[in-house]
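All remarks here apply to the structure that follows.
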Amino acid sequence: MSQAEESHQRRLARNLNELLQELRVAQAGVQILFGFLLSIAFTERYAAADAYVRVTHLITVLFAACAVALLTAPAAWHRILFRRGRREDVIEVANRYAILGLACLAVAMTGTILVLGEVIIGGWAGIALGVFAALFFGTLWFALPWRERGRDSTGDEDDEDEEDRLE
């Protein structure tokens, strides 16, 4: 194995380790949220909730479940393709799943805030909390990073640019 290939393999290993570490952080949060959302259905207050709250809750649970699936899928991909020389493929797929998983988590967090806002204060104030949450997560997790990404130079790519792209 050449020195360039070894550094490429080390870079891939580092990228994969960083991605899996980021997913561990997100997984813990989404799993706690999922458990919380499941427990809501067994409360007295939920039994008296109207159809709007119940449907919003169900949609929120489904998005939380999708987030769990998407944020844990890279571990399965890594395990199944382990030692098959497919690390680059795993990183590419895991990156996509992580972004989609975070989007589902943002929707689930927004739905949770909307449900709680509706149950606690109701009406337009509850909806305003949900809208605020959607704007907050959308801006912090997606709009700002995408804006920064757009600021990157689009000149000729050299090996260092390719390294950054894989990260």
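The values are calculated or read from the model by the stated rules, or taken from the named source; none is laboratory data. As the structure is a prediction and not an experimental result, all values here were calculated from the model. Don't worry about glycine lacking a Cβ; one is built from the backbone with ideal geometry, like all the others, and counts go over all protein chains shown.
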Worksheet entry | Filter pass, residue 30 being touching a residue at least 60 places away in the same chain (Cβ under 8 Å), under 30 Å from residue 119 (Cβ atoms), touching a helix residue (DSSP H, G or I) at 6+ places or on another chain (Cβ under 6 Å) and part of a helix (DSSP H, G or I) | yes
Item to complete: Return yes when residue 43 is under 28 Å from residue 123 (Cα atoms) and crowded, with 18+ Cβ neighbours inside 10 Å and no when it is not.
Response: no
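Go through 98, 94, 49, 75 for me and flag whichever is at pLDDT below 95, surrounded by fewer than 16 Cβ atoms within 10 Å (Cβ to Cβ) and of a type in the set (Gly, Ala, Ser). Please lay out each step first, then the result.
Details: 98 fails: surrounded by fewer than 16 Cβ atoms within 10 Å (Cβ to Cβ); 94 fails: surrounded by fewer than 16 Cβ atoms within 10 Å (Cβ to Cβ); 49 fails: surrounded by fewer than 16 Cβ atoms within 10 Å (Cβ to Cβ).
Just one listed residue meets the conditions, 75.
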Worksheet item: So which of 70, 58, 37 is at pLDDT 85 or above, within 12 Å of residue 108 (Cβ to Cβ) and touching a His at 6+ places or on another chain (Cβ under 8 Å)?
Response: 37
Practice prompt. Return the only residue of 113, 120 being over 13 Å from the mean Cα position of the chain (by Cα), modelled with pLDDT of 95 or more, among the hydrophobic types (A, V, I, L, M, F, W, C) and more than 20 Å from residue 18 (Cα to Cα).
Written response: 113
Worksheet item: Would a scan of the range 79-88 turn up a residue that is over 17 Å from residue 137 (Cβ atoms) and in contact (Cβ under 8 Å) with a residue 60 or more places away in the chain?
Response: yes
